[in-house]
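Since the structure comes first, as structure tokens, the remarks are kept for the end.
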Amino acid sequence: MMNKSNAPLISLIADDDRKKLLKELSFSLPDLLLNERQMCDLELLSTGVFSPLDRFMNRSDYESVLDRMRLQNDVLWPIPIGLDITAIQAQSLEVGQSVTLRDPEGFLLAVMHIEEMWPMEKDKEAQQIYGTTDLAHPGVAYLFQKTGDFYIGGPLEVLSPPLHFDFKALRMTPHEVRAIYQKLKWQRVVGFQTRHPIHRPQFEMTLRVMRQARANLLLMPIVGMTRAGDFNHYIRVRCLKQIGHHYPPDSHVLNLLPLAMRMAGPREALLHAIIAHNFGCTHFIVGHDHAGAGKKTDGQFFYPPDAACRATQDYSEELGVHIVPLQEMVYLPFEDEFRFSDEIEEGSQTIAMSGTDIRQRISRGKRIPSWMTFPEVRSELRKAFPPPRRRGFTIFMTGLSGAGKSTIARVLYAKFLEKGDRPVSLLDGDIVRRNLSSKLTFSKEDRDINVRRIGFVASEITKNRGIAICAPIAPYELTRNEIREVIEQYGGFFEVYIATPLETCEKRDRKGMYAKARAGLIKGFTGVDDPYEIPSNPEAIVDTTDITPDEAAQQILVVLGQMGYI
Ligand code: PPS
């Protein structure tokens, strides 16, 4: 099998003359606006992080990766890197044509020469890459819900990798990173990729690995797309910068990795090892449940905890990287030191705290013990996550027309204004329809657009530490969950199901809409001839049949109080 350890790094950036020509050519070409994942993939292709891959995959490579985890030329490659397009885009594009690839603002990034176009096999891709078609897997959900239905493949000429304005000095290409090793005369480098801040156990772990491997360290925080619920990359990178001076001088390099994770467990760990190799690492740390996807719908983990380690170790020679399995580090309070869990004598008192434990403590406004993290990291996290009482939040009321959402929203609005400790905005269904969504209908697509708009505004309010009170029908669970995912990055999200039954709503019929719907004068009315999906996991359920609006609002305020938000 081909050993690619000496393969040259790819660069797809066109030279200046070619850029000029491409720019002129671009005016006559159709445009494709790339999404976040595609932008990450393009960046890693163009700067050689995905070497030896030099393009969005063609069909033969794609199929070969699915079937054999190798490119057509036998080089180990675990994950398809394809450029997906929608069926509508596929109709307007042809093989042999060139297209411009632009960022969401329309900035020209690259020209792609389409060599092939083919329909995706989503079931097969899900099964082969993720080992499941369960939508609880974030990679599978992305594939089925956010990916187009066709792939296009072909060579790329890059004018500019995607623009970044943050942490610019920490965004180096593999060439640039390797040049630093040369300057510092490093021969052995251990790579550590992480989507978390580094706390003391991880710090101690990296130091030990550096000592054992007699290697320096390349820290690669993943700043592309990670898992929902992770800290955003600004926070994580600030934390990593803070711990830099705890390492011995000139013993580590911090470099951001704009990778869009797929959470594909073992296959993804292999991709990470390839990336580490391209960054000149001789060693690579593979963690417990590395790039894992959490739990399946049936509560079992998608991947056994050691699957990623085993997979990467099996290919270690071919990868040209020595795999270092990451063991759990535990704290011995009596000795005031960290040890690997398999070095602990029987009967010793130990404490372990996972990254998830820390995240939960922070989001609940609890203290992080000092043995667990460095004071600088703790204060960065505190700055980013003030206690709930000082954070923004969204109350997202959903329910049938006439369930009482607007009235409760008005009561809550008045109470928060009376309290006066945060700015408050009311995004009632009617208000939004008048001001933000006046042209939208009540089709499924338009309702989703309407609800996403509300979610967007609410997320901005929450981010800026205000209170957003939303009261649309929002009949679809998936859309509501999408909004939750966005808002929870910034503050609290309280889904309140206003569960007043249809009969009561219809009996109230304050706007006469139900009567019109029953008479067939309004089509597609929620609850009458259009669906309403009951929330499966709301923070509160309120039935207004026998209670006053004040009592209903009170029930919601109690939940907010219990969670520390008021
Ligand atoms: S959605 O589904 O979230 O986009 O709906 P929303 O923006 O909250 O708008 C609901 C209000 O619009 C009136 N209306 C309808 N509702 C449901 N289905 C149909 N077809 C429809 N047509 C008009 C209705 O009076 C809702 O007002 P509320 O305040 O909820 O009673």
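Among (1) more than 11 Å from the ligand (Cβ to nearest atom); (2) over 28 Å from Asp546 (Cα atoms), which single condition is Ile467 missing?
With respect to (1) more than 11 Å from the ligand (Cβ to nearest atom); (2) over 28 Å from Asp546 (Cα atoms), Ile467 is out only on (2).
Going by the conditions given, is Glu380 crowded, with 17+ Cβ neighbours inside 10 Å and of a type in the set (Asp, Glu)? Working first, answer last.
On the way: crowded, with 17+ Cβ neighbours inside 10 Å: yes; of a type in the set (Asp, Glu): yes.
Against the criterion (crowded, with 17+ Cβ neighbours inside 10 Å and of a type in the set (Asp, Glu)), Glu380 qualifies.
Which of the numbered conditions does Gly512 fail, given that it passes all the others? Conditions: (1) within 10 Å of the ligand (Cβ to nearest atom); (2) loosely packed, with under 14 Cβ neighbours inside 10 Å; (3) at negative phi.
Result: Gly512 passes all but (3).
Report the residue count in the range 272-324 for those that are in contact with a Pro (Cβ under 6 Å, 6 or more places away or on another chain) and closer than 15 Å to Arg188 by Cα.
Number satisfying all stated conditions: 2.
Taking the criterion of being farther than 27 Å from Lys507 by Cα and assigned to a helix (DSSP H, G or I), would at least one residue in the range 402-410 satisfy it?
At the first step, the residues of the range 402-410 found to be farther than 27 Å from Lys507 by Cα are none.
No, that holds for no residue.
Within the range 150-227, considering only strands (runs of 3 or more DSSP E) that don't extend past its boundaries, which have at least 3 residues that are more than 25 Å from Met372 (Cβ to Cβ)? Outline the logic, then answer.
On the way: elements: 150-158, 189-194, 216-221.
Hits in the range 150-227: 150-158.
May I ask you to verify whether Phe525 is outside the structural domain of Gly229 (by TED's automatic domain parsing), within 16 Å of the ligand (Cβ to nearest atom) and among the hydrophobic types (A, V, I, L, M, F, W, C)?
Values: outside the structural domain of Gly229 (by TED's automatic domain parsing): yes; within 16 Å of the ligand (Cβ to nearest atom): yes; among the hydrophobic types (A, V, I, L, M, F, W, C): yes.
The answer is yes for Phe525.
Within the range 423-454, which residues are within 24 Å of the chain's Cα centre (by Cα) and near the ligand (Cβ under 7 Å from one of its atoms)?
If the condition is that a residue be within 24 Å of the chain's Cα centre (by Cα) and near the ligand (Cβ under 7 Å from one of its atoms), then Asn450, Val451 are the ones that fit.
Determine, yes or no, whether Ala260 is under 21 Å from Ile10 (Cα atoms) and buried (at least 24 other Cβ atoms within 10 Å of the Cβ). Don't jump to the end; show me each part of the working.
Details: under 21 Å from Ile10 (Cα atoms): yes; buried (at least 24 other Cβ atoms within 10 Å of the Cβ): no.
So Ala260 fails the test.
Mind listing whichever residues of the range 433-483 are touching a residue at least 60 places away in the same chain (Cβ under 8 Å) and assigned to a helix (DSSP H, G or I)? Can you show your working first?
As a first pass, look at the range 433-483 and keep what is touching a residue at least 60 places away in the same chain (Cβ under 8 Å): 442-443, 458-459, 461-475, 478, 480, 483.
Matches in the range 433-483: Ala458, Ser459, Ile461, Thr462, Lys463, Leu478, Arg480, Ile483.
Go through the range 383-415 and give me each residue that's away from the ligand (no atom under 16 Å from the Cβ), modelled with pLDDT of 95 or more and surrounded by fewer than 22 Cβ atoms within 10 Å (Cβ to Cβ). Quick ask: steps written out before the conclusion?
Pass one, the range 383-415, residues away from the ligand (no atom under 16 Å from the Cβ): 383-393, 414-415.
Checking the rest, the ones that are also modelled with pLDDT of 95 or more come to 392-393, 414-415.
Result: Ala414, Lys415.
Among the residues of the range 344-356, are any crowded, with 17+ Cβ neighbours inside 10 Å and either within 29 Å of the chain's Cα centre (by Cα) or within 16 Å of the ligand (Cβ to nearest atom) (or both)?
Within the range 344-356, one or more residues are crowded, with 17+ Cβ neighbours inside 10 Å and either within 29 Å of the chain's Cα centre (by Cα) or within 16 Å of the ligand (Cβ to nearest atom) (or both).
Give me a count of the residues in the range 530-556 that are touching a residue at least 12 places away in the same chain (Cβ under 8 Å) and over 36 Å from the mean Cα position of the chain (by Cα).
Looking only at that region, the number is 4.
Hey, can you tell me all the residues within the range 64-77 that are buried (at least 18 other Cβ atoms within 10 Å of the Cβ) and not polar (S, T, N, Q)? Even if it seems obvious, please write down each step before you answer.
Pass one, the range 64-77, residues buried (at least 18 other Cβ atoms within 10 Å of the Cβ): 64-65, 69, 71, 75-77.
Within the range 64-77, Val65, Met69, Leu71, Val75, Leu76, Trp77 qualify.
Filter the range 312-371 down to residues that are among the small types (Gly, Ala, Ser) and not in a loop (DSSP other than H, G, I, E, B) and give me whichever is modelled with the highest pLDDT. Full working, then the answer.
Going residue by residue through the range 312-371, those that are among the small types (Gly, Ala, Ser) are 316, 320, 341, 347-348, 352, 354-355, 363, 365, 370.
Checking the rest, the ones that are also not in a loop (DSSP other than H, G, I, E, B) come to 316, 341, 355, 363.
Working: Ser316: 96, Ser341: 83, Gly355: 75, Ser363: 71.
By that ranking, first place goes to Ser316.
Considering each residue of the range 178-199, count those that are over 20 Å from Val49 (Cα atoms) and surrounded by fewer than 18 Cβ atoms within 10 Å (Cβ to Cβ), and give that number.
Of the residues in that region, 3 qualify.
Among the residues of the range 490-497, is any within 12 Å of the ligand (Cβ to nearest atom) and out of contact with any helix residue (DSSP H, G or I) (no Cβ under 6 Å at 6 or more places or on another chain)? Show your work before the answer.
At the first step, the residues of the range 490-497 found to be within 12 Å of the ligand (Cβ to nearest atom) are none.
The answer is no, given that none of the residues of the range 490-497 is within 12 Å of the ligand (Cβ to nearest atom) and out of contact with any helix residue (DSSP H, G or I) (no Cβ under 6 Å at 6 or more places or on another chain).
When you look at Arg510, is it farther than 30 Å from His233 by Cβ and not in a helix (DSSP H, G or I), yes or no? So that I can check it myself, show each step before the final result.
Numbers: farther than 30 Å from His233 by Cβ: yes; not in a helix (DSSP H, G or I): yes.
So Arg510 fits the description; yes.
The values are calculated or read from the model by the stated rules, or taken from the named source; none is laboratory data. Values in this document were obtained by computation on a predicted structure and should not be read as measured data. Heads up, the Cβs are rebuilt from the backbone with ideal geometry, glycines too, and the neighbour counts pull from every protein chain shown.
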